[in-house]
Amino acid sequence: MHSLHWTSRMISRALRSSFSTLLESATGAGAASKVGEGALKSATPRPHFVSVVCGFAKDNLRHKYKPGKYGEDSWFKASTEQADVMGVADGVGGWRSYGIDPGEFSSFLMRTCERLVQCSHFNPQRPVNLLAYSYCELMEQKKPILGSSTACVLILNRETKTVHTANIGDSGFMVVRQGEVVHKSEEQQHYFNTPFQLSLPPPGHGPNVLSDSPESADTMSFPVEDGDVILIATDGVFDNVPEALLLDVLRDVEGERDSVKLQMTANTLALMARTLSLNSEFLSPFALSARRNNIQARGGKPDDITVVLATVAM
């Protein structure tokens, strides 16, 4: 176990070094842009998210409710003067057969991201930095937090009215505007049902465990408009609910600023995913993907489900 701690700290230091240059250059640019910022703040509308969360654990008997978690899924929301930030992570369930709780890895990532948003070096244009530094902190723990997780983080930069995203694996997001999907993430898979993932394997398992760098995350940046609807969710949603059904629900809350109505919609999406995941006859997106890989499958995919739903208000 000592060798694992030493190795993970070495990897963590290398990752911190690779991201420090990005952080320093971005911080310098941010400092230069603050000239005259006070006058602009009062004149320019600053966008924000109206956001809600809902979800289900795959096994409600095993997993008692804990804030920020649904089973092995985890999520966070955070706000600063600069930005609104949301994220989800999905612990890889296969670790349970090794006596490892997959939810600890994903939960640590999201709780650390939430804390780092409040730090002075937070960069509202670099969600991948949040993932990288959270992953570094995880690997530096004296008591190793073993396992793997996918993750998706989204930042709304208030000043530029731009959303920046970082997605690793098969969690993801979609943005709806005027009844159409205008932006969405693409899942990252090594092969069928084996997503990209951040990992810390137990001693002796390293060569046999997939482990992707935070730099492997797919990143996007795009401007947002007043009323845009943003869904960020784990694969328990996207594997079970076809995009057309998601769109039918999401277009009804474009421009909605009532958090109660948004919560009802998030509840609807989570319950829809839960119901379809348990339907053995439904030809789910997961089953269709399996068939494209020459695997005969039908029905939904029982899984933990996390829905973070937001609208953009300006």
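The values are calculated or read from the model by the stated rules, or taken from the named source; none is laboratory data. Computed from a predicted structure; not experimentally measured. Don't worry about glycine lacking a Cβ; one is built from the backbone with ideal geometry, like all the others, and counts go over all protein chains shown. Side chains are part of the model used for accessible areas, which takes the heavy atoms of the whole protein and leaves out ligands, DNA and RNA. Shrake-Rupley method; radii C 1.70, N 1.55, O 1.52, S 1.80 Å.
Counted without the sites themselves, the longest stretch of the chain free of GluC sites (Glu not before Pro) in a DSSP loop having at most 10 other beta carbon atoms within 10 Å is 82-185.
How big is the charge dipole of the chain about its Cα centre, in debye rounded to the nearest 20, if each Lys and Arg gets +1 on its Cβ and each Asp and Glu gets -1 on its Cβ? Could you put the intermediate results ahead of the total?
Details: 30 positive and 35 negative charges, 156 e Å.
Roughly 740 debye, rounded to the nearest 20.
In terms of its alpha-carbon gyration tensor, the chain comes out oblate; a/c meets the 1.5 threshold, while b/c is at least as large as a/b.
Cross-link partners for LYS66 among the aspartates and glutamates, with Cα-Cα distance under 18 Å and sequence neighbours closer than 8 places in the same chain left out: ASP90, ASP101, GLU104, GLU114, ASP303, ASP304. Hey, if you put +1 on the Cβ of every Lys and Arg and -1 on every Asp and Glu Cβ in the chain, which of ALA233, SER259, GLY147 ends up farthest toward the positive end of that dipole? So the residue we want is GLY147. Along the chain, the exposed loop sites are trypsin sites (Lys or Arg not before Pro) outside DSSP states H, G, I, E and B with at most 10 other Cβ atoms within 10 Å, and the longest stretch free of them is 143-314.
Within the listed set VAL229, VAL85, VAL50, the Gaussian network model of the chain (springs between alpha-carbon atoms below 10 Å) gives the highest mean-square fluctuation for VAL50. Since only GLY103, PRO302, THR268 are under comparison, the one whose Cα sits farthest along the positive direction of the charge dipole of the chain, derived from C-beta charges on Lys, Arg, Asp and Glu, is GLY103.
For the stretch 39-142, give the magnitude of the charge dipole about the Cα centre (Cβ charges: +1 Lys/Arg, -1 Asp/Glu; no others), in debye to the nearest 20.
About 200 debye.
Here the accessible area is traced with a 1.4 Å probe on the protein chains. For the chain, carbon and sulfur cover 53 percent of it. Between the listed residues LEU156, HIS205, HIS183, the Cα displaced farthest toward the positive end of the dipole of the chain, a dipole computed from Cβ unit charges relative to the Cα centre, is found at HIS205.
In debye to the nearest 20, how big a dipole does the stretch 117-171 give about its Cα centre with +1 on each Lys and Arg Cβ and -1 on each Asp and Glu Cβ? Walk me through the numbers on the way to the answer.
Details: 5 positive and 4 negative charges, 22 e Å.
Once rounded to the nearest 20, the dipole reads 100 debye.
With both labels modelled 7 Å from their Cα along Cα-to-Cβ, the LEU271 to ARG46 distance reads 3.7 nm. Pairs of Cα atoms in the stretch 54-111 fall into 10 Å distance bins, from 0 up to the last occupied one, in shares of 23, 50, 20, 7, 0 percent.
How many nm separate the modelled label positions at LEU278 and ILE295, each set 7 Å beyond the Cα in the direction of the Cβ? Label at LEU278, label at ILE295, 2.3 nm between them.
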